[in-house]
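**Q** For reference, the structure I am asking about is given below.
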Amino acid sequence: VDRSPSMLAIAQARLDRCRWTNVELVHADAVTYRPPDGPVDLVTLSYALTMIPQWHAAIENAWSMLKPGGCLGVVDFYTSRPQPAGAMPLSARQSRFPRSFWPAWFRRGGVFISPDHLPRLQERFCQVQLVERRANLPYLPVLRVPYYAFLGSKC
């Protein structure tokens, strides 16, 4: 599901290249889309929350699409809150620089990093796994951008 025709075209090219026949591409908005066959077992959001202005609604819609016990997987860029709650090792080490630099850098490209995405996921879903890392970027080889991979279940 994507509301961007250009992203769907890229996905279609990959489907064709890999010869996948069990995937259906849907031109729709993650905030309002509902699977035609009812609730599903898995919803994934790959670098999407930072691109969705109504990200709260996208999280709620993902929750409502899931069957009881279904899973949500999210991977995205992030920065921590100034005073992160809980035992989040990478978040606890984020200084003021990454918390201000990364949102400003990505905003230029229409990507809105928020310190509220990950805490909202942890509030709404039962956390199964959380991995926090830093990745290299091709155009900023010295700096490493923080990202997370969150797996939660509808409990």
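The values are calculated or read from the model by the stated rules, or taken from the named source; none is laboratory data. Owing to the predicted nature of the structure, the values given are computational and were not obtained by experimental measurement. Because the Cβ atoms are built from the backbone with ideal geometry, glycine has one as well, and the counts that use them run over all protein chains shown. Note: areas computed on protein heavy atoms with side chains; ligands, DNA, RNA excluded. Shrake-Rupley method; radii C 1.70, N 1.55, O 1.52, S 1.80 Å.
**Q** Among the residues in the stretch 7-25, are any open to solvent by less than 20 Å² (accessible area, probe 1.4 Å) and free of Cβ contacts under 8 Å to residues at least 24 places away in the same chain? So that I can check it myself, show each step before the final result.
**A** Initial filter on the stretch 7-25 (open to solvent by less than 20 Å² (accessible area, probe 1.4 Å)): 15.
Cutting the leftovers down to free of Cβ contacts under 8 Å to residues at least 24 places away in the same chain gives us 15.
There is at least one residue in the stretch 7-25 that is open to solvent by less than 20 Å² (accessible area, probe 1.4 Å) and free of Cβ contacts under 8 Å to residues at least 24 places away in the same chain.
**Q** Looking at Ser153, Ser114, which one is among the small types (Gly, Ala, Ser), crowded, with 17+ Cβ neighbours inside 10 Å and on the phi < 0 side of the Ramachandran plot? Before you say what the answer is, go through the steps one by one.
**A** Values: Ser153 fails: crowded, with 17+ Cβ neighbours inside 10 Å.
Residue meeting the stated conditions: Ser114.
**Q** How many of the residues making up the stretch 117-150 are aromatic (Phe, Trp, Tyr) and open to solvent by 20 Å² or more (accessible area, probe 1.4 Å)? If you could, list the steps in order and put the result at the bottom.
**A** Taking the stretch 117-150 and keeping what is aromatic (Phe, Trp, Tyr), we get 125, 139, 147-148, 150.
Cutting the leftovers down to open to solvent by 20 Å² or more (accessible area, probe 1.4 Å) gives us 139, 147.
Summing the residues that are aromatic (Phe, Trp, Tyr) and open to solvent by 20 Å² or more (accessible area, probe 1.4 Å) in the stretch 117-150 gives 2.
**Q** Still on this structure: Of all residues in the stretch 46-78, which are of a type in the set (Val, Ile, Thr) and in contact with a Ser or Thr (Cβ under 6 Å, 6 or more places away or on another chain)? Spell out how you get there, then give the answer.
**A** Of all residues in the stretch 46-78, those of a type in the set (Val, Ile, Thr) come to 50, 52, 59, 74-75.
Val75, the sole residue that qualifies.
**Q** Determine which single condition Pro53 fails, assuming it passes every other condition in (1) closer than 21 Å to Phe112 by Cβ; (2) modelled with pLDDT of 95 or more; (3) loosely packed, with under 12 Cβ neighbours inside 10 Å.
**A** With respect to (1) closer than 21 Å to Phe112 by Cβ; (2) modelled with pLDDT of 95 or more; (3) loosely packed, with under 12 Cβ neighbours inside 10 Å, Pro53 is out only on (2).
**Q** Of the numbered conditions (1) open to solvent by 40 Å² or more (accessible area, probe 1.4 Å); (2) out of contact with any Pro (no Cβ under 6 Å at 6 or more places or on another chain), Ala62 satisfies every one except a single condition; which is it?
**A** Condition not satisfied by Ala62: (1).
**Q** Here's something else I'd like to know. Would you confirm whether or not the stretch 95-104 contains a residue that is hydrophobic (A, V, I, L, M, F, W, C) and open to solvent by 60 Å² or more (accessible area, probe 1.4 Å)?
**A** Filtering the stretch 95-104 for residues hydrophobic (A, V, I, L, M, F, W, C) gives 97, 101-102, 104.
From what's left, open to solvent by 60 Å² or more (accessible area, probe 1.4 Å): 97.
Checked the stretch 95-104: at least one residue is hydrophobic (A, V, I, L, M, F, W, C) and open to solvent by 60 Å² or more (accessible area, probe 1.4 Å).
**Q** Those residues that are of a type in the set (S, T, N, Q) and farther than 20 Å from Pro146 by Cα, I need them from the stretch 23-78; list them, please.
**A** Pass one, the stretch 23-78, residues of a type in the set (S, T, N, Q): 32, 44, 46, 50, 54, 61, 64.
Scanning the stretch 23-78 gives Thr32, Gln54, Asn61, Ser64.
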